[in-house]
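Only one structure is covered here, and it is reproduced in the block below.
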Amino acid sequence: WSLEGGDLDVGLAIASDLDDFWHSRGHLGEGRAALKLLLEASAGRPPTPLSTRATIVAAGLAGWHGDFASAAVLGAEGLRLAEELGDLPLLIEAHGRMGWATVGPQPAVARIHFSRAVDLARRAADDRLLRNPLFGLSLALGNLGELDEALSVSTEAVELSERAGDIYSASFARFGIAWVKLQRGDTAGALGELLVVLRQFRAAAADIGIALALDYFAIIAIQTGDAARAVRLGAFADRLRREAGGGPSTTISNMEPPLEQARRLMSPAEFDRTVSQGEAFDLDQAEAEALAVQESS
């Protein structure tokens, strides 16, 4: 509508302000497509805070969609524009989105950006802008093996999000705690965190979060020698992501997705048959399968 009417600012504002919706309700592809069209149509105009924020939001959606290459390009442009404008909230967001663009493939780079965003948000005393880069920083630190600091940062991110009543963000931040516990060999502790996360995402009907939680259960199933259960969980998680138009996988924790790992552990026929079983699950069956991982561990 805004493209047809030539009112690009209205379109940029709406698409950017829907950032939380695109992320939490599984409309990443739709959000990316809308912002791509709007930004392309705005390309000949001087940059504004509105178009800059749209670029930054587009970078975040690309990163959460697993398209790290596009996220890095958009993130670098958004950061450049935010620096030129000297807009502190935009600068915090831009560093955070650059962190998400690199957290899996380049965690050391992600740490720099997330740390900068955290530092700026603390100086501004803005907890709302602090929560997301804290969660990202916890994953970057975990990916770098700095587990004590990763756990501390994850715990703060959970506490801040829960205090604000943002259970969705708190649930994602718990992945950082689970990841640290898993790396330390505390499988039971990691599973306990993941079960809380899974049930909170189910209560919120957040399919992208559910899929990611099930991926982590699948990783643990592989580690405990149950490749078939891992495939069923991973296949159902992949189905949820496809239906939601894409979403993050264990690559944000610098881990090969569970289906790719399990494929090497089974014959092609057995793998394909087990994938079909998992794709046919409903949410109750998938949660029961996740609980079975906890019980068998």
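Worth pointing out:
- The residue that is farthest from GLY176 (Cα to Cα), among those in region 100-150 that are touching a Leu at 6+ places or on another chain (Cβ under 6 Å) and of a type in the set (Asp, Glu), is ASP127.
- Among (1) over 17 Å from SER138 (Cα atoms); (2) buried (at least 16 other Cβ atoms within 10 Å of the Cβ), the one test that ALA204 misses: (2)
- Scanning region 11-34 for residues being closer than 22 Å to LEU88 by Cα and either surrounded by 17 or more Cβ atoms within 10 Å (Cβ to Cβ) or among the hydrophobic types (A, V, I, L, M, F, W, C) (or both) gives a total of 7.
- Residue that is farthest from the chain's Cα centre (by Cα), among those in region 166-201 that are of a type in the set (Val, Ile, Thr), surrounded by fewer than 24 Cβ atoms within 10 Å (Cβ to Cβ) and over 23 Å from VAL231 (Cβ atoms): VAL196
- Hits in region 142-156 - residues which are modelled with pLDDT of 95 or more and either closer than 18 Å to VAL197 by Cα or in a helix (DSSP H, G or I) (or both): LEU147, ASP148, GLU149, ALA150, LEU151, SER152, VAL153, SER154, THR155, GLU156
- Restricting attention to region 160-209, the residues that are at positive phi and not aliphatic (A, V, I, L, M) total 2.
- Some residue of region 108-118 being over 19 Å from ILE56 (Cα atoms), touching a helix residue (DSSP H, G or I) at 6+ places or on another chain (Cβ under 9 Å), without any contact (Cβ under 8 Å) to a residue 40 or more places away in the chain and aliphatic (A, V, I, L, M): yes
- Qualifying helices (runs of 4 or more DSSP H) (wholly inside region 1-85; at least 2 residues being on the phi < 0 side of the Ramachandran plot and in contact (Cβ under 8 Å) with a residue 60 or more places away in the chain): 19-24, 28-41
The values are calculated or read from the model by the stated rules, or taken from the named source; none is laboratory data. Everything quoted here is computed from the prediction, not taken from an experiment. Here Cβ is always computed from backbone atoms with ideal geometry, including for glycine, and neighbour counts include all displayed protein chains.
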